[in-house]
């Protein structure tokens, strides 16, 4: 049953990325995170009261609470960096890097949770890692090819019309700014992956003795506090009043899909091994890529497609 939960989690997580990308088109990523967290808070506590778990709140030990708080903090940081990456880069670029948290989680599960590590998991790790690299590398090479074509045209113009030094300097400055922007989304996405992997390991420990839905609800309280402290500190809290209605709708929808994703994810995590549940959950990359191509009109090359298939094969090998 936990395998089914993990697959359902991946479907909702994949849709979440698309809603989130659309929702931050005219809205700060930090403000979007705060709004989304409120929706998930309402959703998660509603599940606890509706389907049980609230009666166990008195049984939450200090150890459980400690790890749930740490998991919540890691989640908050992961979300902040993830939204920053989505704001600065394309979904097809950001998601593969964020999903590389699979590799870190499998390693952390081996080291900290003492989970088994056999040939199948090694095979899956190699395939998922190399597949992720292919997807990231493809986008890098695409950007480079585009840049190489542009200077070629500029060189011709310089020969014929003798472009001034001032114009040349502006072109150089534009290229430098583009490189900085490019590196920002990459760093944000990588940071998101690191904290996402820590989230899973800490949560696995935190919900070992309590209802997974209750554990999720406790964690989201920490994330909510963190999100609002962050936008208060940055002065972006005023932006809550100016969020466009369309953005608000998509941000809220991303919160609802995240809530469903978490509901199934932590139920699977409680019953199964983190080193298997997390890779299955990260199959959300397939859903995200399909929707990004259909809805956002982003392109997926043959090389990126091969990388995606390697990720799928590596993940399915853990289940089969």
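The values are calculated or read from the model by the stated rules, or taken from the named source; none is laboratory data. All values derive from a computational prediction rather than experimental measurement. Note that we place each Cβ from the backbone using ideal geometry, even for glycine, and neighbour counts take in every protein chain shown.
Let me confirm something: among 17, 50, which residue is surrounded by fewer than 22 Cβ atoms within 10 Å (Cβ to Cβ), modelled with pLDDT under 85 and either in a helix (DSSP H, G or I) or out of contact with any strand residue (DSSP E or B) (no Cβ under 8 Å at 6 or more places or on another chain) (or both)? Walk me through it before giving the result.
Working: 17 fails: surrounded by fewer than 22 Cβ atoms within 10 Å (Cβ to Cβ).
None of the others qualify; the one that does is 50.
All but one of (1) farther than 19 Å from residue 74 by Cβ; (2) modelled with pLDDT under 85 hold for residue 245; state the number of the condition that does not hold.
With (1) farther than 19 Å from residue 74 by Cβ; (2) modelled with pLDDT under 85 applied to residue 245, the lone miss is (2).
Considering only residues that are assigned to a helix (DSSP H, G or I) and under 11 Å from the mean Cα position of the chain (by Cα), look in segment 91-101 and name the one that is farthest from residue 20 (Cα to Cα).
So the first thing to find is which residues in segment 91-101 are assigned to a helix (DSSP H, G or I), and the list is 91-98, 101.
Filter once more, so that each one left must be under 11 Å from the mean Cα position of the chain (by Cα): 91, 94-98, 101.
On the way: 91: 10, 94: 12, 95: 12, 96: 16, 97: 17, 98: 14, 101: 19 Å.
In this case the residue turns out to be 101.
Got a number for residues in segment 28-65 being under 17 Å from residue 185 (Cα atoms) and over 16 Å from the mean Cα position of the chain (by Cα)?
Adding up the residues that qualify gives 1.
State whether one or more residues within segment 260-275 are under 18 Å from residue 91 (Cβ atoms) and in a helix (DSSP H, G or I). Give the derivation first.
Our first condition is that a residue be under 18 Å from residue 91 (Cβ atoms); within segment 260-275, this holds for 261.
Filter once more, so that each one left must be in a helix (DSSP H, G or I): 261.
Yes, there is a match, as at least one residue in segment 260-275 is under 18 Å from residue 91 (Cβ atoms) and in a helix (DSSP H, G or I).
Does segment 251-268 include one or more residues that are under 30 Å from residue 114 (Cα atoms), in contact (Cβ under 8 Å) with a residue 60 or more places away in the chain and over 19 Å from the mean Cα position of the chain (by Cα)?
Restricting attention to segment 251-268, the residues satisfying the condition of being under 30 Å from residue 114 (Cα atoms) are 258-268.
Checking which are in contact (Cβ under 8 Å) with a residue 60 or more places away in the chain leaves us with 258-268.
Then drop every residue that is not over 19 Å from the mean Cα position of the chain (by Cα), which leaves 267.
Within segment 251-268 (the criterion being under 30 Å from residue 114 (Cα atoms), in contact (Cβ under 8 Å) with a residue 60 or more places away in the chain and over 19 Å from the mean Cα position of the chain (by Cα)), the answer is yes, since at least one residue qualifies.
If you check every pair at least six apart or on different chains, which have Cβ atoms under 9 Å apart with a residue in segment 1-14 that is over 15 Å from residue 290 (Cβ atoms) first and a residue that is at pLDDT 85 or above and outside any helix (DSSP H, G or I) second?
2/272; 3/272; 5/272; 6/272
What's the number of the condition residue 42 fails, among (1) part of a helix (DSSP H, G or I); (2) in contact with a helix residue (DSSP H, G or I) (Cβ under 8 Å, 6 or more places away or on another chain)?
Of everything listed in (1) part of a helix (DSSP H, G or I); (2) in contact with a helix residue (DSSP H, G or I) (Cβ under 8 Å, 6 or more places away or on another chain), residue 42 misses just condition (2).
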